[in-house]
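Engineer: I'd like to ask you about the structure that follows.
The numbers here are math on the coordinates, done by the rules we state, and not lab data. What you see is a predicted model; the values in this text were computed from it and never measured. All Cβ positions, glycine included, derive from the backbone under ideal geometry; neighbour counts span all protein chains shown.
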Amino acid sequence: MSPSSPDYSKGAAYMNGIYVPISEAKIPVGDWGFTHSDVTYDVVHVTDGGFFRLEDHLDRFHRSLEGYRLDPGVTRDEMRTILGKVVALSGLKDAFVAMVSTRGVPRVYGSRDPADCDNTFIAYAVPWVDVIKPDVQERGAHLLVAQVPRISQNSLDPTLKNYMWRDFTRGMFEAKDKGFDTAILLDSEGYLTEGAGFNVFIVKDNKVTTPDRGALRGITRLAVLDLCPELGLEPVVGPITFEDLMDADEVFTTTTAGGVMPCARVNERIYGNDRPGPISAKLKETYWRKHKEGWHMTPVNYADADN
Ligand code: PLP
């Protein structure tokens, strides 16, 4: 790096046409993404220099854009190129790569009409972090079913990725206050939904079940559903009650930011021997082993940093 060249070592971003170091990536305070949470996004991970299920993430991002009626004016091919370039610039081999579209700043000051905004496209690559710390994953996470219900899916479609985390944040404060690692939420009918940035699964006998409602269609969730048959497990997408959760043999969570993360406790219930259960551990091991074998991988072209 020459003295005058930008330092991308902590991450690189693309902001509406230009590439900048992550510390310089900023949005204006007048952007509706900030003032009204009018924004959608997706996050794909890079492991050992390859994107995992990039096309699935791009599919979901496009569904979210359509659901929010956002059009950042960037084609799917251009997005793929930009995502590759932010990773290449950062030089990171293990990274999170976010794609974001905000409503933008209204062209007419004070306008309440979303059509007055030019939608943005932002992308950035930052170093990998685990949503649940590795030592907690080792011992098995302790989850609290929080008092706050998940916001109604009639008001906020959870399958469109969003930053509206007020219910999750309340749940996480409650969980921390009560000595748990994190929270999971039920909907107002009492069915299990998800947690702050992760999907939830229960294991009972040979069945591996994840909620059919109130939750993002997680890409890691999809990977687990795909893996189950080859491990002799039956994948199920269906309703899960609080009683099902308490009666399960094992519980685990899934997210891009950590993969398959086994749990040891939910509320007062302790599963197995208070450690990650065997099926959760097997799914976790298989998920990461298949990464090493290049499963659903798209290699990053690091030479793009110079183009
Ligand atoms: N649920 C929510 C609310 C999320 O924000 C996320 C990821 O950020 C997930 C579930 C897990 O989805 P994925 O496996 O695609 O990361």
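Engineer: Mind checking which helices in the chain clear 15 Å along their axis (Cα) and have mean Kyte-Doolittle hydropathy of -1.0 or more, DSSP H runs only? Present the calculation step by step, with values, prior to reporting the outcome.
Structural biologist: Values: long enough: 54-68 (21 Å, -1.18); 76-90 (21 Å, 0.16); 166-177 (17 Å, -1.27); 278-292 (21 Å, -1.47).
Flagged H segments are 76-90.
Engineer: How high is the relative contact order of the chain, given as a whole-number percent (alpha carbon pairs under 8 Å, six or more residues apart)? The partial results should precede the final answer.
Structural biologist: Working: 638 pairs, mean separation 59.1, N = 307.
RCO, the chain: 19 percent.
Engineer: Over segment 6-86, how many percent of alpha carbon pairs lie in each 10 Å bin up to the one with the longest distance?
Structural biologist: 15, 44, 37, 4
Engineer: Could you work out Rg/(2.2 N^0.38 Å) for the chain, with Rg from alpha carbons only?
Structural biologist: Details: Rg = 20.0 Å, N = 307, 2.2 N^0.38 = 19.4 Å.
Here the answer is 1.03, to two decimals.
Engineer: Neighbour counts of other C-beta atoms within 10 Å: give me GLU293, GLU189 arranged from fewest to most.
Structural biologist: Details: GLU293 7, GLU189 11.
In increasing order of surrounding Cβ atoms, one gets GLU293, GLU189.
Engineer: I need GLU174, GLU24 ordered by Cβ neighbour count within 10 Å, fewest first.
Structural biologist: Taking fewest neighbouring Cβ atoms as first place, the list is GLU24, GLU174.
Engineer: Which pairs break 22 Å Cα to Cα here: LYS178/LYS282; LYS10/LYS161; LYS133/LYS282; LYS178/LYS207; LYS161/LYS207?
Structural biologist: LYS178/LYS282; LYS10/LYS161; LYS178/LYS207; LYS161/LYS207
Engineer: May I ask you to derive the relative contact order of segment 163-305, considering only C-alpha pairs under 8 Å and at least 6 residues apart, and to give it as an integer percent?
Structural biologist: Details: 220 pairs, mean separation 25.5, N = 143.
Averaging sequence separation for qualifying contacts and normalising by length gives 18 percent for segment 163-305.
Engineer: Put +1 on the Cβ of each Lys and Arg and -1 on the Cβ of each Asp and Glu in the chain; which of THR159, PHE198, SER90 then has its Cα farthest toward the positive end of the dipole?
Structural biologist: The residue sitting most towards the positive pole is SER90.
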